[in-house]
Amino acid sequence: MRILFAVAPSVAHLFPMISTVWAARAAGHDVALTTSSAAVDGAVRAGLPVLDAAPDVDFGAIFGKSKGTAQDRAEQARRRGRAIAEAGGTTPDFVLERFATISDVMADETLAFARRWKPDLVVYSRLQGAGLLAARALDLPAVEHGFGFLREPTFPERYLPHLAPIFDRHDVPLELPPITPLHLAPPSMMIGAETGRTMRYVPYNAGGVLPPWFAHPATRPRIGVTLGTVVPQMSGYGSVESVLAAADGVDAEFVLALGDDPDLSGLAPLPDNVRLVGWVPLTNLLAHCDALIHHGGSGTTLTALCAGVPQIAMPHGADDFINADLVARHGIGYNLEPSQIDSRTLKALPHDPSLRQAAARVAAEIAHQPPPAALLPDLLDLAASARAPH
């Protein structure tokens, strides 16, 4: 079987799909991806064939690059994130409109490739309308691949009107293909009515060289600190400043994982108990950590849940505020503004038994879900039974 994976142009949407893609490939199916921007390089680094569906497009301009200082950009991102959280588990129209525009510029090449390659199934990241277009145009079933904590049974129906100009341009009926939603978050933490299938989240964080000290046990609690891949580009590294100030003097080692060559010129000198590392796969880092402080991104939150470690989520934008609220609501950690983090909180984070028990409970729930390799045959069967008549 040939499976086309249509992905929005962001590694935040790509990385949650990589384990599914590789499960399909390992099972002997032909796979190909269509995406753009940084996700193209991300797919190549994952060893996958990928078509850049919009090589000359400035997606930052479409997303609406925040203007002003790093602090101004961070505040603008927080306002958008709060608006998403206040929508109460429903993706707001402004997000649908933005991603419909993104889908529009990727639609021509995605559909052209699909018509040449002739897949049997389309798997699309939740907001990638070009995948919906390709599935309907080729009369194929589709799998809506989730990446966060929202279940919205009516999401495709709400999204479809925003995609009307794309369907009309390609003379494709404005109708949905048969869709099977696929969710990755633990069921106990999902928001919205139960629908579709749930698969175990198998973290993918790209490759990286592990530091030599990974081979040696820690002599005191170790706490990871990360801002993911998007926040540093949009808002800089200012949100870790209060974390570093609070870390000074705490009897713990803090591992600052901000990617390769971060610009920390605006920060004070790092305390002696802070270790700066380059790109290290978060899954491997968390295997050596007792807790994680992060920005609240879905992939980072889910990876920490899989590791069973307490968390502090400092939401920045997008769905971060939803994720941070879930972390606090389920007793796994704290939802804090950077300015609220102090040394007492950092001292308690890796030792609080209630946080550790809640984190272990959710990690066990995730481990109980079927992995991609086990669920793939069911998805293919569902897709086959849902295939639109020819």
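Do we find that Ala348 is surrounded by fewer than 23 Cβ atoms within 10 Å (Cβ to Cβ), assigned by TED's automatic domain parsing to the domain that holds Glu241 and either out of contact with any helix residue (DSSP H, G or I) (no Cβ under 7 Å at 6 or more places or on another chain) or under 21 Å from Asp248 (Cα atoms) (or both) in this structure? When the stated conditions are applied, Ala348 passes them. Of all residues in segment 175-188, none satisfies being touching a Cys at 6+ places or on another chain (Cβ under 7 Å) and in contact (Cβ under 8 Å) with a residue 12 or more places away in the chain. With respect to the stated conditions, Gly259 fails to be part of a loop (DSSP other than H, G, I, E, B), on the phi > 0 side of the Ramachandran plot and buried (at least 23 other Cβ atoms within 10 Å of the Cβ).
The test for being surrounded by 18 or more Cβ atoms within 10 Å (Cβ to Cβ), touching a Lys or Arg at 6+ places or on another chain (Cβ under 8 Å) and outside the structural domain of Phe254 (by TED's automatic domain parsing) holds for Leu375. Going through (1) in a loop (DSSP other than H, G, I, E, B); (2) assigned by TED's automatic domain parsing to the domain that holds Asp52; (3) not β-branched (Val, Ile, Thr) one by one, Gly131 falls short only on (1). Evaluating Gly207 against the criteria (1) in contact with a Leu (Cβ under 8 Å, 6 or more places away or on another chain); (2) surrounded by fewer than 21 Cβ atoms within 10 Å (Cβ to Cβ) leaves one unmet condition, (1). Restrict the check to segment 186-197 and report whether at least one residue is assigned to a strand (DSSP E or B) and under 20 Å from Ala12 (Cβ atoms). Looking through segment 186-197, at least one residue is assigned to a strand (DSSP E or B) and under 20 Å from Ala12 (Cβ atoms).
Name the residues in segment 257-274 that are within 19 Å of His295 (Cβ to Cβ) and modelled with pLDDT of 90 or more, would you? Within segment 257-274, just Val274 meets the criteria. For Val327, are the conditions met, namely being in contact with a strand residue (DSSP E or B) (Cβ under 6 Å, 6 or more places away or on another chain), in a loop (DSSP other than H, G, I, E, B) and either among the hydroxyl-bearing types (Ser, Thr, Tyr) or crowded, with 24+ Cβ neighbours inside 10 Å (or both)? So Val327 does not fit the description; no. In segment 44-89, the residue that is modelled with the lowest pLDDT out of those that are β-branched (Val, Ile, Thr) and in contact with a helix residue (DSSP H, G or I) (Cβ under 8 Å, 6 or more places away or on another chain) is Ile84. If you take the residues in segment 170-181 that are surrounded by 13 or more Cβ atoms within 10 Å (Cβ to Cβ) and out of contact with any helix residue (DSSP H, G or I) (no Cβ under 7 Å at 6 or more places or on another chain), which one is farthest from Pro153 (Cα to Cα)? Checking each candidate, the answer is Pro178. Applying the set (1) in contact with a Phe, Trp or Tyr (Cβ under 7 Å, 6 or more places away or on another chain); (2) outside any helix (DSSP H, G or I) to Leu302 leaves exactly one unmet item: (2). Filtering Val230, Val202 for residues that are surrounded by 15 or more Cβ atoms within 10 Å (Cβ to Cβ), modelled with pLDDT of 95 or more and more than 27 Å from Lys347 (Cα to Cα) leaves a single hit, Val202. Just to be sure before I move on: is Gly308 in contact with a strand residue (DSSP E or B) (Cβ under 7 Å, 6 or more places away or on another chain) and surrounded by 17 or more Cβ atoms within 10 Å (Cβ to Cβ) in the structure I sent? Judged against the criteria, Gly308 is not a match.
The values are calculated or read from the model by the stated rules, or taken from the named source; none is laboratory data. Computed from a predicted model, the values in this text were never measured in an experiment. A quick note on method: Cβ atoms are made from the backbone with ideal geometry, for glycine too, and the neighbour counts reach across all protein chains shown.
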